[in-house]
1. For the chain, modelled as a Gaussian network with Cα springs under 10 Å, which listed residue fluctuates most, E97, E191, E37?
2. Past the 20 Å Cα-Cα mark, which pairs from K12/K84; K119/K181; K159/K181?
3. What residues qualify as long-range amide H neighbours of Y4, i.e. H under 5 Å apart, gap of 5 or more or another chain, H built at 1.01 Å from N?
4. Straight distance only, please: which aspartates and glutamates reach the Cα of K131 with their own Cα at less than 12 Å, same-chain residues fewer than 8 apart left out?
5. Taking only C-alpha pairs under 8 Å that are 6+ residues apart, what is the relative contact order of segment 4-63 in percent?
6. Just subtract the alpha-carbon distance of R27 and E10 from 0.36 nm times their residue separation and send over the number in nm, one decimal.
7. Compute the acute angle (0 to 90°) between the alpha-carbon long axis of helix 95-104 and the principal axis of greatest extent of the alpha-carbon atoms of the chain; round to the nearest 10°.
8. State the extension gain, in nm to one decimal, for the chain segment bounded by K46 and R112, taking 0.36 nm per residue of separation less the distance between their alpha-carbons.
Amino acid sequence: MIAYIRGPLEEKRPDSVVVEAGGVGYRISVPTSVLSELPPLGEEVKLHTYFSVSDAGIGLYGFLSWADLEMFGQLIGVNGVGPKSAMGILSALRPDELRMAVIAGDAKTISRAPGIGNKTAQRIILDLKDKVKAEDILYGIADAPEPKEGLLGIGETGKEAVEALTSLGYSAGEAANAVRKVEITDGMTAEDVLKGALRHLAFL
């Protein structure tokens with residue numbers, strides 16, 4: 001199995017790139033979210049890869065982080081979701097957006113991906129809900145700027161949940177309002193509060 005490929009970025013296309021390694025140019029399918037984060041042509045890039053061999057053909061799929069590759073692997077483990085469908089989902093939704101939708105049970109958001117209907121979206125939620133955890137979203141936000149709007153009265157745990165939501169693109173006001181709808185009790189973690197807030201946001 002090819003774990004990763006590192007080398008100069010030789011070519012960019014709407015759905016793939018070519019990376020040279022060891023004198024060989026590897027064409028690697030990538031989601032559109034990866035394309036926007038790639039360095040200029042000629043600069044070195046490292047892509048974590050998944051090598052697929054099936055009746056539909058051979059394909060090499062690449063991601064900038066191991067966590068995103070893991071998300072891809074979880075998706076193709078869902079019955080009825082192949083590599084091409086998984087790439088379509090990760091092009092329509094960034095990995096953290098997909099994780100958030102799974103935690104919130106938000107099939108509507110997952111259905112935005114091309115070729116993914118409500119039944120498939122529900123199956124993805126059912127299969128991944130025990131594999132995707134809120135701390136996967138919370139991880140790495142400790143250095144994010146603290147939102148100032150509407151944080152009074154929700155406690156430190158609530159503030160952490162608000163920070164997680166704002167890091168995902170919600171405004172501070174939206175995040176604070178969603179957290180305020182959660183009945184925060186003693187012993188609840190930021191993950192618990194985040195899950196509750198995401199459920200409210202899913203029905204907006």
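We did not get these values from a lab; they are worked out from the coordinates using the rules stated. Not measured: the values here are computed from a predicted model. Cβ sites come from the backbone with ideal geometry, for glycine too, and all protein chains shown count toward neighbours.
1. Looking only at E97, E191, E37, the largest GNM fluctuation is found for E37.
2. Long pairs (Cα-Cα over 20 Å): K119/K181.
3. T49
4. E70
5. Relative CO of segment 4-63 lands at 35 percent.
6. Stretched out fully, the R27 to E10 stretch lengthens by 5.1 nm.
7. The two axes meet at around 40 degrees.
8. Taking 0.36 nm per residue and subtracting the Cα distance, the gain is 20.9 nm.
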